[in-house]
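Let me begin by presenting the structure, written as structure tokens, before commenting on it.
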Amino acid sequence: MKKTSKKSKELTIDKEEAQRGQWVKLLNHCRMFHLQMVKDLQSPILGAEAENDELFHSACASAIDDAVLLIQIAGEQGMFDDMPQYNKGPAG
């Protein structure tokens, strides 16, 4: 049976945090894309009602922003520290 050192555990945690950071970065890029689409689809007429595509992209940007905030809050509260899917199962 292999023993894992404290250092290797720290490297695994750092790797998981780096991956989470990459996902957050990707989500932020998606949010910026949808915000740009909202800007592109806006009517040049002031006070005009928003089109369905504009509303869709606005809702997507808002939902992605909420997801990023949720990930950040969960990380700050330590919810990612002891997740069962990272533990080895009975087969090793």
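Using the Cβ atoms and a cut-off under 14 Å, what net charge is assigned to the surroundings of His34, where Lys and Arg are +1 and Asp and Glu are -1? Walk me through the numbers on the way to the answer.
On the way: positive: Arg31, Lys39; negative: Asp40, Asp53, Glu54, Asp65, Asp66.
Here the charged neighbours net out to -3.
Using the basic label-point model (7 angstrom from Cα toward the beta carbon), what is the Leu27 to Leu46 distance in nanometres?
3.7 nm
Given the peptides 57-65, 22-30, arrange them by the average over their residues of other C-beta atoms within 10 Å, most packed first.
Numbers: 57-65: 16.1, 22-30: 12.6.
Final packing ranking: 57-65, 22-30.
Stretched out fully, how many nm does the piece from Asp81 to Asp14 gain, at 0.36 nm a residue minus the Cα gap? Write out the running numbers ahead of the final one.
Working: separation 67, 0.36 × 67 = 24.12 nm, distance 1.10 nm.
The Asp81-Asp14 span can extend by a further 23.0 nm.
Throughout, read-outs are computed from the coordinates displayed, never taken from laboratory work. Because the structure is a prediction, the values reported are computed rather than measured. Every residue, glycine as well, gets a Cβ built from its backbone with ideal geometry; the counts of neighbours run over all protein chains shown.
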